[in-house]
1. Tell me, what is the FRET efficiency for Leu59 and Phe12 to the nearest 0.05, using R0 = 45 angstrom and their Cβ-Cβ distance as r?
2. To the nearest 20 debye, what is the magnitude of the charge dipole of the chain about its Cα centre, counting +1 on the Cβ of each Lys and Arg and -1 on the Cβ of each Asp and Glu?
3. Largest first, please: the extent of the C-alpha atoms of the chain along each principal axis, to the nearest Å.
4. Starting from the amide H of Asp32, placed 1.01 Å from N in the peptide plane, find each other amide H under 5 Å away whose residue is 5 or more places distant or on another chain.
5. Relative contact order of the chain, please, whole-number percent, based on alpha carbon pairs below 8 angstrom and at least 6 residues apart.
6. With a 1.4 Å probe and all protein chains in place, put Val130, Val91 in order of accessible area, largest first.
7. Tell me, what HN-Hα J-couplings in whole Hz come from the Karplus equation 6.51 cos²θ - 1.76 cosθ + 1.60 at θ = phi - 60° for each residue of region 76-82, using x for Gly and Pro?
8. Summing Lys, Arg as +1 and Asp, Glu as -1, what charge do residues with Cβ under 15 Å from the Cβ of Gln27 carry, Gln27 excluded?
Amino acid sequence: LTFDAILLGCRFDLIQDDYLYVVGCDQGRGGDVWLLSRPLEPVEGWFSPSSSWSEPDILSIKSESPQRISYLSSSADGNGDINVLWAQSPVSDANISSTTIEFVRWNDKGWANPETIFFSLSGVPVDLLVTADSKERLLFSWVDDSNGDLLYSWANLEKANLASEWED
């Protein structure tokens, strides 16, 4: 009605006669109070399918222990592939040296298996940034949070999934 985004807060939900009623205040710019309602049945109709977005894909299911993904960066390359890098560490391990940087690529065949490209890092990598250049290389930089060093490496696109191909 207002053409503004609504941040619905201070919410109160009520179910009455097979209807769900939600009253809430807009904690955003508008500050309005809103009432929404909908029938509870059929459940299948609660969330309409989106024609704009694909279904989510799982990029990484690794190891027996839970993993913490702390930072992520992605870039498209000249081939139209999507390259994704992220920092990952075991949730239960306080040892920073177990932090790794993972890599995965998507192309017209789907997602490849994730690969560890950097391991035994001295600190947690933050502010990851990856980009592909015109020479078919993947350029990657990050900040070591333990000492503030800015680190940089690169690899040829076709072999970026191999740890041995990344420059020191």
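1. So, using R0 = 45 Å, E works out to roughly 0.75.
2. Numbers: 10 positive and 27 negative charges, 17 e Å.
Charge dipole, the chain, about its Cα centre: 80 debye, nearest 20.
3. On the principal axes, the chain reaches 65, 38, 36 Å in Cα extent.
4. Counting only residues 5 or more places away or on other chains, the set is Asp26.
5. Here the relative contact order equals 13 percent.
6. Val91, Val130
7. 8, 10, x, 8, x, 7, 9
8. -1
The values are calculated or read from the model by the stated rules, or taken from the named source; none is laboratory data. No experiment lies behind these values; they were computed from the predicted model shown. FYI the Cβ positions are ideal-geometry reconstructions off the backbone, even for glycines, and counts take in every protein chain you see. Just the protein is used for accessible areas: all its heavy atoms, side chains included, with ligands, DNA and RNA removed. Shrake-Rupley method; radii C 1.70, N 1.55, O 1.52, S 1.80 Å.
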